[in-house]
1. Only one of Val172, Val135, Val179 is crowded, with 24+ Cβ neighbours inside 10 Å and either in contact with a Gly (Cβ under 7 Å, 6 or more places away or on another chain) or in contact (Cβ under 8 Å) with a residue 60 or more places away in the chain (or both); which?
2. Can you name the residue in region 23-73 that is outside any helix (DSSP H, G or I) and at pLDDT below 85 and is also surrounded by the fewest Cβ atoms within 10 Å (Cβ to Cβ) among such residues?
3. For Thr5, which of the numbered conditions (1) loosely packed, with under 15 Cβ neighbours inside 10 Å; (2) at pLDDT below 80; (3) in a helix (DSSP H, G or I) fails to hold?
4. Might you let me know whether region 192-211 holds any residue that is surrounded by fewer than 19 Cβ atoms within 10 Å (Cβ to Cβ), of a type in the set (Val, Ile, Thr) and touching a Ser or Thr at 6+ places or on another chain (Cβ under 8 Å)?
5. Which of the following residues is at pLDDT 80 or above and part of a loop (DSSP other than H, G, I, E, B): Phe153, Phe176, Phe212, Phe222?
6. Looking at Arg228, is it of a type outside the set (Gly, Ala, Ser), assigned to a helix (DSSP H, G or I) and in contact with an Asp or Glu (Cβ under 8 Å, 6 or more places away or on another chain)?
Amino acid sequence: MPPVTLVLSVFGIAFLYASVGFGGATGYLAVMTLFDIPIRVMASTALILNLCVSSVSFFNYYRAGHFRWELLWPFLVTSVPAAFVGGYLRLHEQVYYLLIYAVLIFVMLRMLFFSQPEDEAAPLRPLRRSVGMAVGAGIGLLSGMVGIGGGIFLSPLIILTRWGRTKQAAAVAAAFIFVNSASGLLGRVLGGNFKMDTLGLALLPAGILAAFGGAYLGANKFSGVAVRRLLGLVLTFAIGKYFWGLLG
């Protein structure tokens, strides 16, 4: 059985991440690094949890009427094969991570400190298919390499570019995360990078239970600004995890 502190951490992370349409992989990876868990086990467990939590989140946002298929498919069509390739590869590029987290810091500050109620009323911009497909390929490759679903990049991008409303972005991110996690997981299995043990199975109930509560509140009760600021908190956690690793 996993330590109680790890179970409680997974519960809290799943609740918070599901409320903004995410699966929580960055959070699970962050806490698992504190328990001396092998890297392959961490990445595989994070993907399994991602699949479960993102599916619950998508169900709630879809049921609340926030899902737009036309906002998903341009990203999805290229991200799925790219996530498979990323999951198959074994790459470690510190410069790449630094660039990624520099972008996340900018988005985190934008979500936390510059989100206003009038943002939700701003006119939307059309998503060009070619742009969506290029973005999907990049995020898919990255998500497969790192062991995350990629929604933590896609959702803020949709919001900041005004391709969709905050809760529409959350619904799209949840579906995107689920499909890319599945593709990345398949790539890991075929590439020999998958390793699952009883730890992941023991953590699943906590993650799924928390996801139902968080996703319901995010889709039905929280305002768009509240979801934006929760997203900022999620990004803060993900960024803190990276720099904690550097210090360690």
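The values are calculated or read from the model by the stated rules, or taken from the named source; none is laboratory data. Since the structure is predicted, the reported quantities are computational estimates derived from the model, not experimental observations. We place every Cβ from the backbone using ideal geometry, glycine too, and count neighbours over all the protein chains shown.
1. Values: Val135 fails: crowded, with 24+ Cβ neighbours inside 10 Å; Val179 fails: crowded, with 24+ Cβ neighbours inside 10 Å.
Going through Val172, Val135, Val179 in turn, the sole match is Val172.
2. Within region 23-73, the first condition is being outside any helix (DSSP H, G or I), and the residues that meet it are 23-24, 36-38, 64-68, 72.
In the following step, the residues that additionally are at pLDDT below 85 were identified as 24, 36-38.
Numbers: Gly24: 35, Asp36: 6, Ile37: 19, Pro38: 12.
For region 23-73, the residue satisfying everything is Asp36.
3. With (1) loosely packed, with under 15 Cβ neighbours inside 10 Å; (2) at pLDDT below 80; (3) in a helix (DSSP H, G or I) applied to Thr5, the lone miss is (2).
4. no
5. Values: Phe153 fails: part of a loop (DSSP other than H, G, I, E, B); Phe176 fails: part of a loop (DSSP other than H, G, I, E, B); Phe212 fails: part of a loop (DSSP other than H, G, I, E, B).
None of the others qualify; the one that does is Phe222.
6. Values: of a type outside the set (Gly, Ala, Ser): yes; assigned to a helix (DSSP H, G or I): yes; in contact with an Asp or Glu (Cβ under 8 Å, 6 or more places away or on another chain): yes.
The answer is yes for Arg228.
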